[in-house]
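The values are calculated or read from the model by the stated rules, or taken from the named source; none is laboratory data. Everything quoted here is computed from the prediction, not taken from an experiment. Note: ideal-geometry Cβ built from the backbone for every residue, glycine included; neighbour counts use all protein chains shown.
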Amino acid sequence: METTKITEKIRRVEGTIAETCARAHREPGDIRLVVVTKSAEIEQIEEVIRLGFHHLGENRVQQLKKVAAQVAEFQQQHPDDPTLAREIHWHMVGHLQRNKVRLVLPVISLIHSVDTLRLAEEINNSAGPMGLAPRVLLQVNTSNEPQKYGVPIGAATHLAEQIETLPHLKLIGLMTMAPLTRNTDVIRTCFARARELFYEMRGEKIVGGQFTELSMGMSSDYEIAIEEGATILRIGSAIFA
Ligand SMILES: *Cc1c(COP(=O)(O)O)cnc(C)c1O
């Protein structure tokens, strides 16, 4: 098969993940790559799936629903194609409005962006009657930028305790975004704060044994994220741009 630009780019990202893991004494198998498809054509998404990537992410509910339906359709059109047979796990990585929760729950594998009790309660109250218990991450604002989504570091533990009481969702980790800057010290500080909070919550038994994921690192900063302990990377433009 001809090597396309997408194939080349995703292999390059995989190579960088492997090299960074070697440097950081980590196992590439402990890191999940979520391919963020928001800027991709459907043909490019198909190619990524054929290459064996089954965790895909979107930051808008409408777009996620649309692309998930398109992917399901071409999977159904090729029922005997083993490269398309695997279940796709959809990740909602962007801000989630409460009035969109019901729409997204039936298709979602992991919601990365829970940052208020009201949103967690909406997910819980919608998921119960649907017979679902979606997995969620608590999004933490580690950069102290006021316009950013995410619960402030100082309020995160209390919010996690409250979310833990809700029966119809599973809190399995933290998500954070570093600010857009060339200053790698600033980025590293954000990721290190998230990691410290992650271990603090586990150590103080605020969360259970299912609390294992640290979602951080995008196209421009995923090497730093790996060095600081990320278990989930969310990468789009390094593959599609
Ligand atoms: C778009 C997006 C990403 C991927 O960003 P890239 O810089 O394209 O890799 C990751 N996380 C969130 C929340 C996003 O909206």
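A search for C-beta distances below 8 Å between a residue of segment 73-102 that is over 30 Å from residue 126 (Cα atoms) and any residue that is in a helix (DSSP H, G or I), counting only pairs 6+ apart in sequence or on different chains, returns 78/84; 83/49; 83/50; 84/46; 84/49; 84/50; 84/74; 84/75.
Can you tell me which residue in segment 183-241 is surrounded by the fewest Cβ atoms within 10 Å (Cβ to Cβ), limited to those that are hydroxyl-bearing (Ser, Thr, Tyr) and within 16 Å of the ligand (Cβ to nearest atom)?
Applying the first criterion (hydroxyl-bearing (Ser, Thr, Tyr)) to segment 183-241 yields 184, 189, 199, 212, 215, 219-220, 222, 231, 237.
Filter again for within 16 Å of the ligand (Cβ to nearest atom), leaving 184, 215, 219-220, 222, 231, 237.
Numbers: 184: 12, 215: 27, 219: 16, 220: 15, 222: 22, 231: 19, 237: 14.
Top of the filtered list is 184.
Checking each residue in segment 36-70 for being within 15 Å of the ligand (Cβ to nearest atom), under 13 Å from the mean Cα position of the chain (by Cα) and either over 17 Å from residue 95 (Cα atoms) or small (Gly, Ala, Ser) (or both) picks out 55, 57. Restricting attention to segment 193-233 and to residues that are outside any loop (DSSP other than H, G, I, E, B) and small (Gly, Ala, Ser), the residue that is modelled with the lowest pLDDT turns out to be 203. Scanning segment 40-66 for residues that are over 12 Å from residue 108 (Cα atoms) and not in a loop (DSSP other than H, G, I, E, B) turns up 42, 43, 44, 45, 46, 47, 48, 49, 50, 62, 63, 66. Of 240, 211, all but one fail to be over 21 Å from residue 48 (Cβ atoms), touching a helix residue (DSSP H, G or I) at 6+ places or on another chain (Cβ under 9 Å) and among the aromatic types (Phe, Trp, Tyr); the exception is 211. Is it the case that residue 223 is under 20 Å from residue 9 (Cα atoms), in contact with a helix residue (DSSP H, G or I) (Cβ under 8 Å, 6 or more places away or on another chain) and of a type in the set (Asp, Glu)? Yes: the conditions hold for residue 223. Scanning segment 119-156 for residues that are at pLDDT 95 or above, over 22 Å from residue 99 (Cα atoms) and within 20 Å of the chain's Cα centre (by Cα) gives 141, 142, 152, 153, 156. Is it the case, given these coordinates, that residue 138 is crowded, with 17+ Cβ neighbours inside 10 Å, among the aliphatic types (A, V, I, L, M) and closer than 28 Å to residue 10 by Cα? Criteria met by residue 138.
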